[in-house]
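The values are calculated or read from the model by the stated rules, or taken from the named source; none is laboratory data. Note that this is a predicted model, so its numbers are computed, not measured. Every residue, glycine among them, receives a Cβ derived from its backbone with ideal geometry; neighbour counts consider all protein chains shown. Heads up: the accessible areas ignore ligands, DNA and RNA and are worked out on the full protein's heavy atoms, side chains in. Shrake-Rupley method; radii C 1.70, N 1.55, O 1.52, S 1.80 Å.
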Amino acid sequence: ALYIGPLQARSDKSWQLPLALRIDAGRWLLLRLRGSQMQSLVSDDLLGAGGVQLLLDHSGVVMADSRGPRLLGRQLAFWRQQDAHHRPLASGEQAFGDGVVRVVAVAQGTHLPLKVITARARDEALVGWWRYLAGALLIYLIYLLGVGYLLYAIRNAHLRQQRLADEVRAGSAELALANKIGRVSTWTANTQTLHWGHGAAQAFGLDHNSASLADVFERVHHLDVAMVRRSWQLAWAGEQPMDLMFRLVFPGGVTRWLSVRGERVADGSGYMTGAAVDVTERVEAQERAREAERQFRILFERNPVPFWLFDLQNLRFLEVNQAAVERYGYSRDELLGMSVLDIR
């Protein structure tokens, strides 16, 4: 074991440290270590302006001080306060006789009874923490801004989605109303089944939304079924769209005129799609107009009294009956080249 004696003053006002090392029984090696050699072991170059590095013996006596000889040979006050049966504090905050509070770290060699204390002024040691704190606050602020922007974007997206949903609902309601007023219905079909929308079921009083193609063709009016089958086959083969008007007999015996247009979907899915319009009222109106025209024509042609139609702008004859031809002695073609003024 190395024995370290107390510091000794020299005549030149320097100091020395006696050391003793047992060689064998009865023989010792005695040394005196100059203070300047010990002092060169400590330095505060990397500890800042308030940094201190001390070298102590096992009892806490200062053998070297990076600041100079102010504490040489003195036992540190906080070292005396430690329990003799416990090791000194490995770290903490202490003052070294100059009023500066320092952060302290203590290390002990494994082979020599020496201890090294490294201390740095607390204000200087904590300076770096402000940078970390500022960085942490900046990151936190960026995080808050990011979360705020994300919430803002989510809110805007939600509002846009709500607007789109409202527009879709409004458009769907408008489309349903238009289909109801115009009696327009959409349909899809494959090789076996025909499907139609809810609007068609309501418009035609149906309690289901699909039927087999065989049932549909059975309800086509017998005068129109050949035409419908032929048009369906051509559309399914992709040769031409299905575009025709025919009569369909609904449950209860009600016959309706439908204008149907459709074609096969080109994506190879094996479907046809299209729309059907109930044109019964239009067909009936046209039929009534034709019947009224026929009755008028009969009344006009067979009336024994001369009748004619003329243009109010130029008074030229547009049509004359047989009685007018016989009455005025001109042929029908001659009268159509004349005006009412010529007759007068």
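Using θ = phi - 60° and the Karplus curve 6.51 cos²θ - 1.76 cosθ + 1.60, what whole-Hz ³J(HN,Hα) does each residue of region 238-250 get, with Gly and Pro shown as x?
With coefficients 6.51, -1.76 and 1.60, one gets x, 7, 7, x, 7, 8, 7, 10, 8, 9, 10, 9, 8 Hz.
If I build a Gaussian network model for the chain, linking alpha-carbon pairs within less than 10 angstrom, which residue out of V260, V100, V220 has the largest mean-square fluctuation?
Comparing V260, V100, V220 in the GNM, the peak value goes to V100.
Report, in deg cm²/dmol and to the nearest 500, the calculated mean residue ellipticity at 222 nm for the chain, where each DSSP H run with n ≥ 4 adds -39500 (n - 2.57) and the sum is divided by the residue count.
-12000 deg cm²/dmol
Do me a favour and compute the ellipsoid semi-axes for the chain from its Cα gyration tensor, root of five times each eigenvalue, largest one first, whole Å.
Equivalent-ellipsoid dimensions as semi-axes: 125, 28, 17 Å.
Highest first, please rank the peptides 131-139, 187-195, 318-326, 24-32 by the mean number of other Cβ atoms sitting within 10 Å of their residues.
Output ranking for 131-139, 187-195, 318-326, 24-32: 318-326, 187-195, 131-139, 24-32.
Helix 127-182 sits at what angle to the longest principal axis of the chain, using alpha carbons and giving 0 to 90 degrees rounded to 10?
Tilt relative to the chain: about 10 degrees.
Given the Cα atoms of region 198-344, and with Rh set as the inverse mean 1/r over their pairs in the Kirkwood sense, what is Rg to Rh to two decimals?
1.26
Whose amide H sits under 5 Å from the amide H of M338, counting only residues 5 or more places off or on another chain, with H placed in the peptide plane?
F317
Percent of accessible area on the chain owned by carbon and sulfur, 1.4 Å probe?
C and S atoms contribute 57 percent here.
Given contacts defined as C-alpha pairs under 8 Å and at least six residues apart, what's the relative contact order of region 247-344, whole-number percent?
15
Just to check I understand the Karplus step: with θ = phi - 60° and J = 6.51 cos²θ - 1.76 cosθ + 1.60, what whole-Hz values come out for region 339-344, glycine and proline as x?
Result, ordered by residue: 10, 4, 5, 5, 5, 5 Hz.
Placing unit charges on C-beta atoms (Lys and Arg positive, Asp and Glu negative, everything else neutral), compute the dipole magnitude of the chain about its Cα centre in debye, rounded to 20.
2400
Go through H221, H208, H198 and list them by solvent-accessible area, largest first, probe radius 1.4 Å.
The ordering from most to least exposed comes out as H198, H208, H221.
At 1.4 Å probe size, with every protein chain present, just tell me what the per residue accessible area of the chain comes to in Å².
68
At what distance in nm do the modelled label points of R163 and R282 sit from each other, each positioned 7 Å from its Cα along Cα→Cβ?
Here the answer is 3.7 nm between the modelled labels.
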